[in-house]
Amino acid sequence: MSILYIIIVVLAVLVIWAVVSYNSFVRLINQAKEAWADIDVQLKRRYDLIPNLVSTVKGYATHESSAFENVTKARATAMGAGTLAEKATAEAGLAGALKSVFAIAEAYPDLKANQNFLALQNELSDTENKIQAARRFYNGNVRDLNTGVDSFPANLIANAFHFAKMEFFDLDESAPEKQNVEVKF
């Protein structure tokens, strides 16, 4: 009789562990999705600021049309990127194109003093900081999920219920965001 109780207790503990592990994976996946949504919100905010920035700079530097076209193309590419790797590459290209617009602004002292330009530049800088923070939060959640998927014995539950690892949102090491930026006023 006591062996039967021991078996029932062991089975109950295993069932409780399985349920807790399953719910933990569901929570981790939902947190990662929420973190990705935060990145998307900030990226959309940046996409919305770019046309205003380009039109402000364009008013002062009309002969720099190739740089403005590059920013517009890079923005469209970033907005249309599908996979996480495509998104990271497109965002790196967009950041590089934006740097060219700020480089153009350096040549125009009147533009650098323009209140609209300064406000847009501050908004864009704030947005870049928020994107970076959201990316760190997302990558932290993905790290936790991936660790759970790889760790024993939780990987037994992960494999049984097809919980998969997620990709980090990493930037290419050669990406413009990873390079030091020189800002002059």
Net +/- balance of residues flanking Tyr108 in space, Cβ distance below 12 Å, scoring K and R +1, D and E -1 = -1
Take segment 8-95, compute every pairwise Cα distance, and split them into 5 Å bins from 0; I just need the percent in each bin.
-> 3, 12, 15, 15, 11, 9, 7, 6, 5, 5, 4, 3, 2, 2, 1, 0, 0
Contour minus Cα-Cα span, Ala37 to Thr147, at 0.36 nm per residue, comes to 37.5 nm
Just grab the label-to-label distance for Ser2 and Arg136, each label 7 Å out from Cα along the Cβ direction, in nm (one decimal).
-> 5.6
The equivalent-ellipsoid semi-axes of the chain, taken as the square roots of five times the Cα gyration tensor eigenvalues and listed largest first in whole Å, are 50, 14, 12
Answer check: segment 63-109, Cα atoms, Kirkwood Rh, Rg/Rh ratio of 1.08
Of the listed links Lys33/Lys58; Lys73/Lys165; Lys58/Lys99, those spanning more than 26 angstrom between alpha carbons are Lys33/Lys58; Lys73/Lys165
Cβ-placed point charges (K, R +1; D, E -1), dipole of the chain about Cα centre in debye, nearest 20 | 280
For the pair Ser65 and Phe168, the simple spin-label estimate (label points 7 Å beyond Cα toward Cβ) gives in nm 4.3
Nearest 0.05, what FRET efficiency do Glu86 and Val13 give at R0 = 45 Å with Cβ-Cβ as r?
-> 0.50
Peptides 146-153, 163-170 ordered by average Cβ neighbours within 10 Å, highest first = 163-170, 146-153
With a sphere of radius 14 Å drawn around the Cβ of Gly59, what net charge do the other residues whose Cβ falls strictly inside it have (Lys, Arg +1; Asp, Glu -1)?
-> 0
Once phi for every residue in segment 41-54 is put through the Karplus expression 6.51 cos²θ - 1.76 cosθ + 1.60 (θ = phi - 60°), the whole-Hz ³J(HN,Hα) values, with Gly and Pro written as x, are 4, 5, 5, 5, 4, 5, 4, 6, 6, 4, x, 5, 5, 4
Backbone HN-Hα couplings from phi across segment 87-94 [Karplus 6.51/-1.76/1.60, Hz, Gly and Pro as x] = 5, 4, 5, 5, 5, 5, x, 5
Picking from Ala113, Ala103, Ile131, whose Cα lies most toward the positive end of the charge dipole for segment 93-140 (charges on Cβ: Lys, Arg +1; Asp, Glu -1)?
-> Ile131
Find which of Ile7, Leu43, Leu53 sits farthest along the positive direction of the dipole of the chain, computed with +1 on the beta-carbon of Lys and Arg, -1 on that of Asp and Glu, about the Cα centre.
-> Ile7
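Values quoted throughout were computed directly from the atomic coordinates according to the rules given, and no laboratory measurement underlies them. Being a predicted model, the structure only gives us computed values, none of them experimental. Note: ideal-geometry Cβ built from the backbone for every residue, glycine included; neighbour counts use all protein chains shown.
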